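J.: A single structure is presented below for examination.
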Amino acid sequence: MRKKSKSQKVYDYIEELVISSEIKPGERLPSEAKLGEILNVSRVSVRAGIEKLSAIGLVSKKKGGGTYVNKPKNENYLSVFTPTLLHNTDYLEMMEVRRALDSLSVQLCAKNISEAGVKKLGEIIEHMEHIQSDLDFFDLDKKFHLLISKHSKNRFLHNIHIIIWDVLQKTLRSKYNTVTSSDSHKERIDEHKRIYEAIVGKDEDLARIYTVRHLERIIDTFVCEYNEAYHEAKEQETKK
């Protein structure tokens with residue numbers, strides 16, 4: 001097991017203070033000297049750890065001195081967990097969670113979505129049909145599923161989906177691309193169309209079934225691609 005760097009030690013310590021609410025949004029962190037004393041690291045390591053936290057938006061330095069915990073934006077009080085997820089999330093584990101949460105979201109969406117929401121979903125499907133690059137698909141995929149979670153009318157559930165897609169975009173994009181590069185472009189669009197049509201028809205059960213099938217296909221594709229890449233890497237190592 002690789003030894004944790006001193007800056008990572010600082011990062012993890014501050015992150016834990018925030019997640020446990022020992023230091024709340026808007027409050028000031030202990031001084032660099034105090035953190036160095038607590039963790040037995042240099043001020044250089046403390047600064048490096050704080051810079052990492054600042055880069056992901058958990059803390060910020062203010063004029064006049066001091067580093068403060070940022071207040072979550074958009075009332076997304078769950079966003080304090082994003083830093084932990086950014087460096088501790090496995091793609092398959094995330095997709096298994098998505099399979100469960102998306103299933104619930106789409107059922108609630110089919111029940112609660114407004115005509116304006118249906119129209120926006122339809123526009124996303126139209127854009128999917130006209131994209132030129134697979135790289136453009138990610139943004140539309142994200143918009144489609146987040147719009148579904150938004151129209152579930154469950155803010156807690158929607159906030160969790162925001163975090164999942166944030167982590168997916170920031171640290172798991174290469175894994176996502178592994179799957180989409182193996183897919184048929186038409187197949188991906190057809191899956192989203194079926195989900196959309198079930199929502200339009202207010203068919204909660206069918207919307208759930210199509211969503212689960214969509215995500216299970218992604219999981220299965222990734223497992224196949226990952227295993228193939230893993231075995232190829234092993235074969236190359238053996239030949240050396």
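J.: 7 Å from Cα along Cα→Cβ at both ASP220 and SER5: what's the point-to-point distance in nm?
T.: Spacing of the two 7 Å Cα→Cβ label points: 4.1 nm.
J.: Now, a different point. So what's the net charge close to TRP165: Lys and Arg +1, Asp and Glu -1, counting the other residues with Cβ under 14 Å from its Cβ?
T.: Neighbour charge sum, excluding TRP165 itself: +3.
J.: With a point put 7 Å past each Cα toward its Cβ, work out how far PHE156 is from LEU92 in nm, to one decimal.
T.: Output for this residue pair reads 3.0 nm.
J.: From the phi angles alone, apply the Karplus equation (6.51, -1.76, 1.60; θ = phi - 60°) to the range 148-165 and give each ³J(HN,Hα) in whole Hz, x where the residue is Gly or Pro.
T.: Those phi angles translate into 4, 5, 4, 7, 5, 6, 10, 5, 4, 5, 5, 4, 5, 5, 4, 5, 4, 6 Hz.
J.: Cut-off 16 Å, label point 7 angstrom out along Cα-to-Cβ of GLN169: give me the residues of the range 98-137 whose amide nitrogen falls inside.
T.: Of the residues in the range 98-137, 135-137 have backbone N under 16 Å from the label point off GLN169.
J.: Report, as a whole number in µm² per second, the diffusion coefficient that Stokes-Einstein gives for the range 6-71 at 20 °C and 1.002 mPa s using the Kirkwood radius over alpha carbon pairs. Before the final figure, lay out the partial values.
T.: Details: Rh = 11.5 Å.
Approximately 186 µm²/s, per Stokes-Einstein.
J.: Now for a separate question. Pulled fully out, how much extra length does the chain show between GLU16 and GLU37, if you take 0.36 nm times their separation in residues and subtract their Cα-Cα distance? Can you show the working numbers first?
T.: Working: separation 21, 0.36 × 21 = 7.56 nm, distance 1.73 nm.
The span from GLU16 to GLU37 would gain 5.8 nm if fully extended.
FYI, it's all coordinate maths here, none of it is from the lab. On a predicted model such as this, the values are computed, not experimentally measured, just so you know. Here the Cβ is made from the backbone with ideal geometry for all residues, glycine too, and neighbour counts use every protein chain on show.
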